[in-house]
Amino acid sequence: RIARASMCSFKCELTGMELEVKDVHAHHKIPIKLGGTDEYDNLIIVHKDIHRLIHATSETVINKHINLIHNKQKLKKLNTLRAYCKLEAISMASEDNNKIA
């Protein structure tokens, strides 16, 4: 995890925002419970609120954190990570409501 965080210069790999130590989360692309591992290639360093958004099932949580996603490319990457977790994609309706370009 430390190696992965160092490799990305302590920036969120989804949004590119610089991370303070308290905000660094290592997300397992394929969750451990679905057969994923702690191997370097299965980890992605993200902001703690992005991590919440990846795993969110509540519309309230999604609406609270979706403003961190600023374009369709980042939304697509977010939805790819959600798919690995067997979660539904965040819909186009959420995009329109939150003015994602």
query: Of the residues in the stretch 20-36, how many are open to solvent by less than 20 Å² (accessible area, probe 1.4 Å) and over 19 Å from Arg82 (Cα atoms)?
result: 1
task: Only one of these is among the basic types (Lys, Arg) and open to solvent by 90 Å² or more (accessible area, probe 1.4 Å): Lys74, Lys64. Name it.
output: Lys64
statement: Of the listed residues (Arg82, Arg1), the one being of a type outside the set (A, V, I, L, M) and open to solvent by less than 80 Å² (accessible area, probe 1.4 Å) is Arg82
message: Restricting to the stretch 23-40, give me the number of residues that are in contact with a Lys or Arg (Cβ under 8 Å, 6 or more places away or on another chain) and of a type outside the set (A, V, I, L, M).
response: 5
message: List the helices (runs of 4 or more DSSP H) inside the chain, counting only whole elements, that have at least 2 residues being in contact with a strand residue (DSSP E or B) (Cβ under 8 Å, 6 or more places away or on another chain).
response: 2-7, 48-55
- prompt: So how many residues does the stretch 4-16 have that are surrounded by 14 or more Cβ atoms within 10 Å (Cβ to Cβ) and within 21 Å of Ile62 (Cβ to Cβ)?
  reply: 4
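The values are calculated or read from the model by the stated rules, or taken from the named source; none is laboratory data. Keep in mind the model is a prediction, meaning the values are calculated, not measured. All Cβ positions, even for glycine, are placed from backbone atoms using ideal geometry, and neighbour counts span all protein chains on display. Quick note on the areas: whole protein, heavy atoms, side chains included, nothing else; ligands and nucleic acids left out. Shrake-Rupley method; radii C 1.70, N 1.55, O 1.52, S 1.80 Å.
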